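For reference, the structure discussed in these notes is given below.
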Amino acid sequence: MSPAHTGASTTVVASASPSHETAAHPEPHEPHAPHEPLSPGTPGYRRMSFALFAAGLATFALLYSTQALLPAVSAGFGVTADQASWTVSAATGALALFVLPLSALSERFGRTRMMIWSMAVAVAVGLLVPFAPSLEWLIALRVVQGAAIAGIPASAMAYLAEEVKPKALVAAIGLFVAGNSIGGMSGRVVTGWAAELWGWRAGLLAVGLMSLGCALVFLALLPRARFFRPASLNPRAVGRTVAGHLRDPLLLRLYGIGALFMTVFGAVYTVIGYRLVEEPFSLGQGVVGSIFLIYLVGTAASAAAGQLVARLGRRGALYLAVTTTALGLLASLSDSLGMILAGLVLITAGFFAGHAVASSSVSRTAKTGRAQASALYQSAYYLGSSAGGTLGALAWHSGGWQATAALALAAVLGVVAITLYGSRVARAERRLASA
């Protein structure tokens, strides 16, 4: 089923700086820019890769800045695990709610403008978060931060789909997702050790400063967009585009896969800190933060997603991802710290590979209205994160790690069911086409 079609016919270019674009006047066409999409090996592709890698790093570092600190936040404010988990779930939930309207604005005013202003607000709030006087204030600031971050992922995916050659799209999105994994890792390591030395507020300040540096790199390197075409902000037109995507069975399956994968990841990494600071492990906050070095595995898995798809096909790559994730969850049930770490390696590799395949499939499937298509994926994805974090913490409170792992395994089975159904549909369509 083909996705809905929207968009205007005039070509404009989004700028890499707010001063180059205004809300009323999109940036004019760059007169000497080559009319070829970016491809690997070219200077523009390298600049784009570094810029969006920095954006992905800052996005995940800010979005999950409190996750590794949840035990310290619980102790600092005297609250339970499920209450502290809202400092993560509130940010991801706000992102899920705002990603679609902000993506619609990016369709009219430009991908780069949306990413730049979203980054600026998110970093500014990130520098205020450490000074929150109460849990309620911390959660409120995290809501604002999550809403600001919402302008980055969907716009980035649409920017890549428009600016990069189709054959290089999976690899390009894989690099952006790899930036996410590095951001998630470095943010948690930095906050963990800063919290160990100076307290959890210093940890949050450190990640805010790190993200400020990433934002400056992003601003300096991001190439001008050459293939962006502004679309109408007419709510009815946006509604028709969204409705068209929601009627596309393949897109719906991809949205479900993204949500379920992130439910697993949100549950595991929200709760793992609580498990490791308790007996029999009794690890310090800095060591717990260092556990997130495992995100390097996610970086490699994301970057390798294109090769996996080339060898196994998209569904084959998803089957490998879910199998790896499930084996990791089973290994994490052990009381051996080594087995738990091995389980986290497998969970992380499976999750990032599956996410890179599913998100790139959305951009490939939606020929027009790509920002809305990516926004719907991001909404489902981050709603899964919010659900996983909150439900995982509740499961931990009621039944320990076994209950959290059982919740995550149920989500993995959901991914398997959706992928199997998609395989059956594809076989039926092939038989029908050949009849």
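The values are calculated or read from the model by the stated rules, or taken from the named source; none is laboratory data. Since the structure is predicted, the reported quantities are computational estimates derived from the model, not experimental observations. Reconstructed Cβ throughout: ideal geometry from the backbone, glycine too, with neighbour counts over all protein chains shown. Heads up: the accessible areas ignore ligands, DNA and RNA and are worked out on the full protein's heavy atoms, side chains in. Shrake-Rupley method; radii C 1.70, N 1.55, O 1.52, S 1.80 Å.
Return one quarter of the surface area of the convex hull spanned by the alpha-carbon atoms of the stretch 260-385, equal to its mean projected area, in nm².
About 7.9 nm², averaged over all directions.
Taking the Cβ of Pro235 as the center, what net charge do the other residues with Cβ under 15 Å away carry, scoring Lys and Arg +1 and Asp and Glu -1?
+2
Loop-only check: which trypsin sites (Lys or Arg not before Pro) in the stretch 353-435 are DSSP coil with at most 14 other Cβ within 10 angstrom?
Passing sites in the stretch 353-435 are Lys367.
Which value in deg cm²/dmol, rounded to the nearest 500, describes the helix-derived mean residue ellipticity at 222 nm for the chain, given -39,500 (n - 2.57) per DSSP H run of n ≥ 4 and division by the residue count?
So the helix-based figure for the chain works out to -26000 deg cm²/dmol.
So how compact is the chain: Cα radius of gyration and Dmax in angstrom?
When restricted to Cα atoms, the chain yields Rg and Dmax of 20.8, 70 Å.
GNM on the chain, C-alpha springs below 10 Å: top fluctuator among Asp248, Asp335, Asp82?
So, out of Asp248, Asp335, Asp82, the one fluctuating most is Asp335.
Rounded to whole Å, give me the distance from the Cα center of the stretch 136-172 to that of the stretch 253-288.
If you average the Cα positions of each part, the centres end up 22 Å apart.
Of the options Ala220, Ala243, Gly266, report the single residue whose Cα projects farthest towards the positive end of the charge dipole of the stretch 211-302 (beta-carbon charges: Lys, Arg +1; Asp, Glu -1).
Value: Ala243.
With θ taken as phi - 60° and the coefficients 6.51, -1.76 and 1.60, list the Karplus ³J(HN,Hα) couplings across the stretch 267-275 in order, rounded to whole Hz; mark glycine and proline as x.
Result, rounded to whole Hz: 5, 5, 7, 6, 8, 4, x, 4, 5.
Sequence-distant or interchain residues sharing an amide H contact under 5 Å with Val164, placed H: which?
Correct list: Leu38.
Just to be sure I understand the model, the point goes 7 Å from the Cα along the line to the Cβ. What's the resulting Ala433 to Ala300 distance in nm?
Going from the Ala433 label point to the Ala300 one covers 3.6 nm.
When the accessible area of the chain is computed with all protein chains present and a 1.4 Å probe, what percentage of it is carbon and sulfur?
69
Dipole magnitude of the chain about its Cα centre, charges +1 at Lys/Arg Cβ and -1 at Asp/Glu Cβ only, in debye to the nearest 20?
Approximately 1520 debye in magnitude.
Suppose all protein chains stay in the model; what accessible area per residue would a 1.4 Å probe give for the chain, in Å²?
About 38 Å² of surface per residue is accessible.
With +1 on each Lys and Arg Cβ and -1 on each Asp and Glu Cβ, how big is the dipole of the stretch 277-432 about its Cα centre, in debye rounded to the nearest 20?
1180
As I understand it, the dipole of the chain uses +1 on the Cβ of Lys and Arg and -1 on the Cβ of Asp and Glu, about the Cα centre. Which of Phe176, Ile139, Leu276 lies farthest toward its positive end?
Phe176
If I stretch the segment between Ala417 and Ser134 completely, what's the gain in nm (0.36 nm per residue apart, minus their alpha carbon distance), one decimal?
97.6 nm
Run through the stretch 238-318 and list the chymotrypsin sites (Phe, Trp or Tyr not before Pro) located in a DSSP loop whose Cβ has at most 16 other Cβ atoms within 10 Å.
Phe281
For an R0 of 41 angstrom, estimate the FRET efficiency from the Cβ-Cβ distance between Ser336 and Asn234 and round to the nearest 0.05.
E(calc), rounded to 0.05, equals 0.10.
Which ³J(HN,Hα) values in Hz, rounded to whole numbers, follow from the phi angles of the stretch 196-209 under the Karplus curve 6.51 cos²θ - 1.76 cosθ + 1.60, where θ = phi - 60° and Gly and Pro get x?
4, 8, 10, x, 5, 5, 5, x, 5, 5, 4, 6, x, 5
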